[in-house]
Structure formats: structure tokens, C-alpha cells
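The values are calculated or read from the model by the stated rules, or taken from the named source; none is laboratory data. Just so we're clear, the structure is a prediction, and the values are computed from it rather than from any experiment. Glycine also receives a Cβ, built like all others from the backbone with ideal geometry; neighbour counts cover every protein chain displayed. In case anyone asks, the SASA skips ligands and DNA or RNA and just uses the protein heavy atoms, side chains included. Shrake-Rupley method; radii C 1.70, N 1.55, O 1.52, S 1.80 Å.
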Amino acid sequence: MPGLVSVKTPPDTPPLRISVPDTPPVSNHRTPSPLTNKQPSPSSSRSTNGKKKLQPESPTATQCPPDSSLDNPDLGPFLLKLARDTIASGDGPNKALDYAIRASKSFERCAVDGEPSLDLTMSLHVLAAIYCSLGRFEEAVPVLEQAIQVPDIGRGTDHALAAFSGHMQLGDTYSMVGQIERSIGCYEEGLKIQIEALGETDPRVGETCRYLSEAHVQAMQFDRAEELCKKTLEIHHAHSEPASLEEAADRRLMALICEAKGDYEQALEHLVLASMAMVANGQDSEVAAIDVSIGNIYMSLARFDEAVFSYQKALTVFKASKGDNHPLVASVFIRLADLYHRTGKLRESRSYCENAMRIYSKPVPGTSPEEIAGGLTGVSAIYESVGEAEEALKLLQKAMKMLEDNPGQHSTIAGIEARMGVMFYLVGRYEDARIAFESAISKLRATGERKSAFFGVVLNQMGLACVQLFKIDEAVELFEEARGILEQECGNCHQDTIGVYSNLAATYDAMGRVDDAIEILESVLKLREEKLGIANPDFEDEKRRLAELLKEAGRTRNRKAKSLENLIDPNSRKTKKEATKKWSSLGFRI
């Protein structure tokens, strides 16, 4: 199977800032807010006339002691202003938190029966933002869940956009704790509400579509990401000037999606158009960043001379605009090191790795831990490919240590641990490999990535480690789970899926479940003969294993005659066995 490498994704969500607007709630987005310029107006229903509305159960109920003064309808706005002023003065978020809790409770008490209070919604959004700034994300979640229940979408645009803002902020909060699946679910619901309120072609809907597309890329759900990005391009094409900055950003994202799906020519086309737009707008640093992406595509297409030209062009701009020791310069060094390694120029490759490490060892002020960890991971991949496994492991461990205190980096850490597991496995440290895989799997389950193809691959790798440790029952469970995921995500003809089939058959054989092993191997051979071709180097090995099992069971293979065209592998020219190792007795493959 291919090596465990995380797909390149857009930058991770930064920590939420405390943002207390003078108007009702606005979502803390990584990109400019797609909300309408007209914010939800505060509710005028603070009068105590009539019965109080039964609001959703408040998570602040146990945090705020009974206080009759909270029934004063003028107290909520006053406390919220105090919270806002406290944050602005820099006195610290804890005092602001107390004010925000009391403000929310006051708004809740003063809400009139049948009149949803947008003031309450606003105060809950502010309260959640303060919780997030303190790193108390688990407490922010129930606050936001209450906030999205308050607005009544049927009461007009103000309520609809307040609900939209709440869903987006809740999605951001889930993203901060690494729960990507829940985060995307909130974003999708927010987009639905926004479209109903503003229409499908509103420019602010386009911004939300792009934001959601980025989230799907992070979750490696590229089909949905492509669908949303196309919609974003259509909206911006209708509302923006040709070669606008918005279109350039959309095309860069589309290029990333196309690259992840293996459509390099289409990715290159989008990058060239994005570069032209950035040049027209005088964005030299952005043009250099696009040149790096163009170099990556050229390298994937084995057009190495053009890749070197793109990298060197970007390197010149970064050095001139950022300085020789900027992490962007180091990132280009890593790309050049990888390129020269692929072309067999190992001395040049090592030189560029050393230059990158020199920058990461003494980072300039303002360099984020994520940038350094990403660079260390890139260098480790090159060291791993030249057989320096111990040095590569040290770099991965250092990168993981830099990220471990950030709850939003659990997926990234899981990817690093999976790579460490593969390296431990290849050097024969099977127990260490199993521990690394187990930790990665637990993080991926917690972040909602249990349905991704990457998760299936990691399950398969952990199963192999368990086989080497003679934990056969555990290995079977892992292989069976991996099979179900990869069949769903990749199809039964994909090489990763077939690899799991082979490993599962070998495990069944080792357990004495010969009939089950025969059934799987017969289905694999049938797939190869009818769809994939028999020129694949694994075909003869699988055929031999099946013959041995059939002989042991006293049976013969039931097969029909095949046409000549099915005996030729349609992909034989591309066949290249990578990172495979076989055990002749059982036939396990990684």
C-alpha cells in the first residue's frame, strides 16, 4: 500500500479571538464573515409584561446564583457592555466571563413568552467566545447549542442570520477540539439557513461555500469539497470583476482539490489562472506561494526542470520580501530537497534539508508551532526515504511534541503517529508500531474521521503489527473494519482494498478458517481477471496461495474461461510495486 502521508490541507483553524461586537452575534471565521451587512437587530421585547418565555435549558443556570436583580430588563444590556468594555481594556477574560454569564441569565429571565430574544442569542455567542479564548471548549459547546435554539427562522432575516451565525460558531468550536465531522455538520446546516435567507447566488453564500469546502478538504472529502468550490466560483464570477482576488482564492482551493484527486493537469490550469489574477492585483508574495504549488504539480508530473524553475522563482521572492530565515524559505528548501532526492541528486537534497533545519532550529519571531512541525515532518519524510529511519523518527517525535498541547491538531498528530508506526514496523519494532497505530486510531475516532480511507489504511497497518505480535484475533477485527471502510470509500477494485483482502485471507488461513480464506482469494482473483488484469505481480502469488488452500481442503477452483483481453493488465505499464513485503507462508502485504 502507499505510504501513510497526510494530504495537504489549508491552514488549521487559529484559536478563537474574543470578539464582542456592538451588534448581535457574528461568527468568528477564519475568512471574512459571509454574513449580510445588516446584522440582526436587538429584540425590543425586554418588557416584563406578560409571561416569561420558556427558553431552552440554560448551561449557565448552575453557574449564576439566584439574584432578583437579574429580572431587571435593563441589567442584561448593562452587563453585556461591561463584558465588552472589560475585554477591550485588557483586564482579563475571567471578569468578562462573569459579566457575560450574568448578562445571558438576565436576558433569559426577561424574555417574553412567544418572543425569541436575539439579545439572548448575542450574549450566548459572546459567552461562548470567551470560553473558547480560555481554552474551555467543552463549556462553549452547550452554550452555543442553546444559542442556535433561540432564534425563530420563520420570523425573518434577522433571526435566520442569528441562527446561521450560531451554527458557524459552533462548527468552529468543534473544529478547535478536532471533531471535524460534527464541525462540518454545523457548517452544512448554517449554509442551508443562509441560502434560505439570502438566496443561492448571494456573494456571502459564496464565502460560506468556500469556507465549507476548505473544511471538507481537511476531512479529505474531496467530492463534496469540489462541488462547493465550483459553486463558489460561479457566484464570484457573477458578482466580481474578471481576475479578482476572490476568484484567485477559489482557484487555488480548486487546484488543491484537483491535486488531491490526482487530476494534475486541471490543478495546473487553475493555478496558472490564479497566478495571473494575483499578478494583475500586484500580490507578489501570493504569486510566489502559487509558484510553489505549481512546482508541486510539475513534480507530480515528473516535469522536474519546470518544477525547479518554479521553486527557485518563489525562493527569490520569499528571500527578498520575508528574509533569508523565514519559514516560507525553509518550506521551499524542503520542496527542492524532495525534488533532488527523486532525481537521484542526494548531495543537493541533503544540503537543502540542512538549510531548512537551520531555519527551523532558530525560528524568527512570529513563527507558529504548526509551521515548524510541518517543516520537521517534511524533512523527516526525506530522511526516511534515504534509510535514515532513526533521524526521521526523532524529527517526527519533535514535531508531535510541538503540537500535542493544541486540541485542534489531533488529526495532524494522528497522521504523524501513523507515519511513526510505519517506520517502527519497517525496522522490526512491532510493539512500538502497534502502540503508535493504536494512538493514531483513537484520535481519528475521536475527531470523527472513522469513515475516511486514511483511517482504513491505518487500521490495516495496525492489523499487520498485531500479526507480527501473534495477536491474531485483534488483527482480524482490524482487517475486517478496514475492509468495510475501504470498500465504501475506495471501491473493491482499489489496490488498498485488495491489499486488505489479501491480509484478511492470510489471517483467516492462520486461524484455520480455510473456507473463509478461499472465498476471499477467489473473489480477489476474479476481480483481477475480469477488471484489473493478471499481469500484476501479486496475481501469481495469490493464485498459488489459493491452490494450496484448495488442495488442503480437497477442492478445486470453480472458474469460467476468460477472454484474452482480460488476461492483459490494462495498467501494466504503470505497475510498480512500492513499499511491499511478503511473508511466503501467509502472504501478508502492506
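Below are the figures for this structure:
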read-out: Qualifying residue in region 405-427 (condition: within 18 Å of I441 (Cα to Cα) and of a type in the set (D, E, K, R)); value: yes
read-out: Residue match in region 69-83 (condition: farther than 23 Å from L134 by Cα, open to solvent by 70 Å² or more (accessible area, probe 1.4 Å) and at pLDDT below 75); value: no
read-out: Positions within region 178-196 being within 16 Å of H167 (Cα to Cα) and buried (at least 20 other Cβ atoms within 10 Å of the Cβ), in sequence order; value: Q179, I180, S183, I184, C186, Y187, G190, L191, I193, Q194
read-out: Region 533-550 residues that are more than 18 Å from L504 (Cβ to Cβ) and outside any helix (DSSP H, G or I), paired with ones that are modelled with pLDDT of 70 or more and open to solvent by less than 20 Å² (accessible area, probe 1.4 Å) (beta carbon under 7 Å, 6 or more apart); value: I534/R528; N536/R528
read-out: Members of region 92-102 found to be assigned to a helix (DSSP H, G or I), within 36 Å of the chain's Cα centre (by Cα) and not hydroxyl-bearing (S, T, Y), listed by number; value: P93, N94, K95, A96, L97, D98, A100, I101
read-out: Candidate set: region 272-323, residues that are in a helix (DSSP H, G or I) and of a type in the set (K, R); chosen: the one nearest to L253 (Cα to Cα); value: K313
read-out: Those residues of region 225-251 which are open to solvent by 70 Å² or more (accessible area, probe 1.4 Å) and under 22 Å from the mean Cα position of the chain (by Cα), in sequence order; value: E227, K230
read-out: Residue in region 465-503 that is most open to solvent (accessible area, probe 1.4 Å), counting only those that are part of a helix (DSSP H, G or I) and among the polar types (S, T, N, Q); value: Q488
read-out: Conditions (1) at pLDDT 90 or above; (2) crowded, with 24+ Cβ neighbours inside 10 Å; (3) touching a helix residue (DSSP H, G or I) at 6+ places or on another chain (Cβ under 6 Å): number failed by S165; value: (3)
read-out: Tally, over region 351-369, of residues that are part of a helix (DSSP H, G or I) and not hydrophobic (A, V, I, L, M, F, W, C); value: 8
read-out: Search result, residues across region 213-263 that are out of contact with any His (no Cβ under 7 Å at 6 or more places or on another chain), among the small types (G, A, S) and under 18 Å from E449 (Cα atoms); value: S213, A215, A219, A260
read-out: Count of region 335-350 residues which are part of a helix (DSSP H, G or I) and surrounded by 15 or more Cβ atoms within 10 Å (Cβ to Cβ); value: 11
read-out: Residue match in region 192-204 (condition: closer than 26 Å to V287 by Cβ and either outside the structural domain of T121 (by the TED database) or within 24 Å of the chain's Cα centre (by Cα) (or both)); value: yes
read-out: Scan of region 218-261 for residues that are out of contact with any Lys or Arg (no Cβ under 8 Å at 6 or more places or on another chain), assigned to a helix (DSSP H, G or I) and small (G, A, S), ordered by number; value: A225, A238, A248, A255
read-out: Sole residue being of a type outside the set (K, R), modelled with pLDDT under 95 and buried (at least 23 other Cβ atoms within 10 Å of the Cβ), chosen from A260, A277; value: A277
read-out: In region 110-132, the residues that are over 20 Å from L161 (Cβ atoms) and at pLDDT 85 or above; value: I130, Y131, C132
read-out: All helices (runs of 4 or more DSSP H) inside region 370-461 with 1 or more residues being open to solvent by 10 Å² or more (accessible area, probe 1.4 Å) and among the aromatic types (F, W, Y); value: 410-426, 430-446
read-out: Every pair of residues 6+ apart whose Cβ atoms lie under 8 Å, when the first sits in region 226-237 and is over 14 Å from Y211 (Cβ atoms) while the second is outside any helix (DSSP H, G or I) and open to solvent by less than 10 Å² (accessible area, probe 1.4 Å); value: none
